[in-house]
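The values are calculated or read from the model by the stated rules, or taken from the named source; none is laboratory data. Small disclaimer: the values here were computed from a predicted structure and weren't measured. Neighbour counts run over all protein chains shown; Cβ positions are idealised from the backbone, glycine included. SASA here: full protein model, heavy atoms, side chains in, ligands and nucleic acids out. Shrake-Rupley method; radii C 1.70, N 1.55, O 1.52, S 1.80 Å.
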Amino acid sequence: MLYQVIRPLLFSFDPERVHDFTLNTLKVLHHVGFFNLFKNQPAVPVQCMGLTFPNFVGLAAGLDKNGECLPAWGALGFGFVEVGTVTPRAQPGNPKPRLFRLVQQQAIINRMGFNNKGVEHLITQIKAHSLRCPLGVNIGKNKDTPLNQAAQDYLVCFEKVYPYADYVTVNLSSPNTPGLQSLQYGESLNSILAPLKQAQHKLSDKYSKKVPLVVKISPDLAKEELAPLIDHLVSLGIEGVIATNTTIKHAQEEGGLSGAPLFDPSTAIVSHIYNQVGDALPIIAVGGVMGAEHAKAKLVAGAKLVQLYTGLIYRGPTLVRRIIKSVSYR
């Protein structure tokens with residue numbers, strides 16, 4: 001209720017400034033023990049990809065790219081947290097303005113462009129904070145890395161974050177890095193994922209743990225493109241898929257659209273994947289989850305886990321606990 005009162009004030013300012021302000025505020029609130037006032041909502045743990053998740057609701061990548069608020073996310077009730085997208089080297093991202101609210105549609109358009117402080121900074125943040133739930137790290141390539149050399153960027157990030165991550169997401173579907181989505185197909189896809197699987201085998205021996213590899217896909221894939229992609233992921237032994245990233249099917253601004261309009265197309269992707277391969281490829285569903293009813297629909301469609309981003313912006317941080325309460329104890 002409180003968030004609905006202050007939201008108009010927050011929405012009166014530039015979206016990216018509010019984003020930065022929110023992260024700083026979360027850090028302060030956690031430091032002073034504010035979140036100790038909240039009791040964790042009882043939930044049913046979920047077994048997925050060889051990991052135990054305290055609940056099925058996670059934070060999607062993009063909100064905390066540099067891992068600056070890790071303890072706060074856990075305190076808000078998330079069952080897992082995904083940070084990034086992170087690249088080997090720090091990069092500023094695309095020119096501003098690059099984040100836009102579509103209030104009537106309960107949506108956001110972003111063309112951030114993997115702005116982050118680099119993988120070494122992220123590792124420093126992870127090592128400095130404890131998290132009581134699984135941590136996912138979303139990895140990408142630097143904008144100035146040629147597509148035919150992209151595999152090396154993914155490999156660098158994967159090897160560096162491996163000791164600290166519970167799973168690693170390979171982001172091949174952001175519409176805001178030129179040419180990136182072309183890596184979702186055929187030999188280009190294999191050139192990225194095959195070396196990562198080879199590295200996973202070696203690193204699992206080195207660190208005595210296997211960190212699952214997950215691939216995040218686009219909602220704009222046609223049915224005839226989706227089926228061979230999913231078959232390829234299964235054949236390579238990829239441990240999970242995130243469905244989906246943002247969509248470019250809109251006309252307001254260049255960039256990726258998230259929020260309520262993405263619910264139907266992203267849920268359809270979840271359903272297609274599950275109908276095709278069942279439990280052979282666990283699905284983490286993200287896109288348009290604005291309330292408990294949307295989370296339930298994702299699970300019914302075949303997802304094992306659900307992630308939030310834009311829903312938090314429009315519905316506030318209590319959305320996490322409301323979903324857990326409604327779905328786990330319905």
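More than 30 Å apart: what percent of Cα pairs in segment 173-330 qualify?
Working: 2409 of 12403 pairs.
Summing the P(r) tail past 30 Å for segment 173-330 gives 19 percent.
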For this session: For LYS141, list the lysines whose Cα falls under 16 Å from its own Cα; do not include residues on the same chain fewer than 8 positions away.
Result: LYS65, LYS117, LYS160, LYS216
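Using a/c under 1.5 as the rounded threshold, could you call segment 38-173 rounded, prolate or oblate? The axes a ≥ b ≥ c are square roots of the C-alpha gyration tensor eigenvalues, and prolate needs a/b larger than b/c, oblate otherwise. List each step's numbers first, then the result.
Numbers: a/c = 1.91, a/b = 1.27, b/c = 1.50.
Because a/c hits 1.5 or more and a/b fails to exceed b/c, segment 38-173 counts as oblate.
Taking the Cβ-Cβ separation of SER208 and VAL44 as r and a Förster radius of 22 Å, what is the calculated FRET efficiency to the nearest 0.05?
Details: r = 29 Å, r/R0 = 1.31.
Taking R0 as 22 Å, the efficiency between SER208 and VAL44 is 0.15.
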Problem set entry | Heavy-atom accessible area per residue - segment 121-183, 1.4 Å, Å² | 37
For this session: Sum -39500 (n - 2.57) across every DSSP H segment of at least 4 residues in the chain, then divide by the residue count to get the 222 nm mean residue ellipticity, nearest 500.
Result: -12500 deg cm²/dmol
Seminar exercise, completed: Per GNM of the chain with C-alpha springs under 10 angstrom, the most fluctuating residue out of PRO175, PRO95, PRO195 is PRO95
Problem set entry | Stretch gain in nm, segment LYS325-ASP231, where the contour uses 0.36 nm per residue and the Cα spacing is subtracted | 30.3 nm
Problem set entry | Solvent-accessible area, 1.4 Å probe, carbon plus sulfur percent, for segment 48-178 | 51
For this session: Using all C-alpha to C-alpha distances in segment 210-271, build P(r) with 10 Å bins and read off the rounded percent in each one.
Result: 20, 48, 26, 6, 0
Problem set entry | Whole-Å semi-axes of the ellipsoid equivalent to the chain (Cα gyration tensor, √5λ, descending) | 27, 22, 22
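With charges set only on the Cβ (+1 for Lys and Arg, -1 for Asp and Glu), what does the dipole of segment 130-195 come to about its Cα centre, in debye to the nearest 20?
180
With only alpha-carbon pairs counted, each pair once and no self-pairs, how large is the Kirkwood hydrodynamic radius of segment 105-208 in angstroms? Don't jump to the answer; show the numbers that get you there.
Values: mean 1/r = 0.0670 Å⁻¹.
Result for segment 105-208, one decimal place: 14.9 Å.
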Problem set entry | Separation of alpha-carbon centers, segment 287-310 and segment 212-256, rounded to whole Å | 16
Exercise. Can you list the chymotrypsin sites (Phe, Trp or Tyr not before Pro) in segment 255-330 that are in a DSSP coil and have 11 or fewer other beta carbons within 10 angstrom?
Worked result: TYR329
Seminar exercise, completed: Taking r as the C-beta separation of THR25 and GLU293 and R0 as 22 Å, the FRET efficiency to the nearest 0.05 is 0.15
